[in-house]
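Have a look at the structure below, then the notes.
The values are calculated or read from the model by the stated rules, or taken from the named source; none is laboratory data. Note that the structure is predicted; figures quoted are calculated from it, not measured. Because the Cβ atoms are built from the backbone with ideal geometry, glycine has one as well, and the counts that use them run over all protein chains shown. What goes into the accessible areas is simple: the full protein's heavy atoms, side chains included, and nothing from ligands, DNA or RNA. Shrake-Rupley method; radii C 1.70, N 1.55, O 1.52, S 1.80 Å.
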Amino acid sequence: MKYMLLMQFSGRQSDEIPPIGTWSAEEFRAHIDFMTETNRKLIADGEFVEAQGLAGRETARIVRASAGGPPLITEGPFAETKEFLAGYWIVDCEDEDRALAIAAHVSTAPGPGGRPLNMPIEVRQVMSGPPTEAEREAAAGR
C-alpha cells in the first residue's frame, strides 16, 4: 500500500525553531544528511516512491477556478493558516504500521543544535482506485 507522509510545520514551531536559512552550515548539513540517509534506506528496503522538500510558504499560490472568468490566484503567505506543508514522502510499504514507523523516524530529523525537530507528520493512504464492493459494505457496517 502506498502512503503519503506530509511533513507539517506549525506557527508554534515557527516560534521554537528558527528559519532553516538561519541554521549553521553544520546544522543544515546534519538535517540534509538525515533526510538523505532516510531516503537511501527506504530505497534499499524497496519502500521509496517519492520525496520532496517544498519552498517556503511565502512562495505558495492558491488557484481557484471561477465560473466564466479567469481563475482567482491568491498569493501567500496565508495569515489565516497556522500550519503549512514543508515536504512529503510517498512510500510503498507493507501496512499502515510500517508507514507510521517511517513517519516517526522522519519526525526526529535534527534541527538547530542537533535536537530532533519532532515535526508532526500526517500519514494518509494513497487511494489506488475506487473502493471495492467489500470496502463499501465494510464502511457501511454490513
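For the reader, a short list of remarks on this structure follows.
Residues are listed down the side, and each one gets a yes or a no for (1) surrounded by fewer than 13 Cβ atoms within 10 Å (Cβ to Cβ); (2) closer than 24 Å to residue 125 by Cα; (3) among the charged types (D, E, K, R); (4) within 18 Å of the chain's Cα centre (by Cα):
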site: 1; (1), (2), (3), (4): no, yes, no, yes
site: 38; (1), (2), (3), (4): no, yes, no, yes
site: 44; (1), (2), (3), (4): yes, yes, no, no
site: 47; (1), (2), (3), (4): no, yes, yes, yes
site: 56; (1), (2), (3), (4): no, no, no, yes
site: 73; (1), (2), (3), (4): yes, no, no, no
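- Residue check, residue 64 open to solvent by 60 Å² or more (accessible area, probe 1.4 Å) and at pLDDT 85 or above: no
- Subset of segment 17-29 (residues that are closer than 24 Å to residue 83 by Cα and either open to solvent by less than 70 Å² (accessible area, probe 1.4 Å) or assigned to a helix (DSSP H, G or I) (or both)): 17, 18, 20, 21, 22, 23, 27, 28
- Verdict on residue 113 being modelled with pLDDT under 95 and either assigned to a strand (DSSP E or B) or open to solvent by less than 80 Å² (accessible area, probe 1.4 Å) (or both): yes
- Residue match in segment 85-94 (condition: in contact (Cβ under 8 Å) with a residue 60 or more places away in the chain, surrounded by fewer than 11 Cβ atoms within 10 Å (Cβ to Cβ) and assigned to a loop (DSSP other than H, G, I, E, B)): yes
- Where a residue in segment 111-122 is without any contact (Cβ under 8 Å) to a residue 60 or more places away in the chain and its partner, wherever it lies, is surrounded by 13 or more Cβ atoms within 10 Å (Cβ to Cβ) and in a helix (DSSP H, G or I), with Cβ under 6 Å and at least six apart: 118/107
- Taking segment 31-59 as the range and being polar (S, T, N, Q) and in a helix (DSSP H, G or I) as the test, the residues that pass are 36, 38, 39, 59.
- Unique residue being open to solvent by less than 40 Å² (accessible area, probe 1.4 Å), at pLDDT below 90 and under 20 Å from the mean Cα position of the chain (by Cα) when the list is 119, 127: 119
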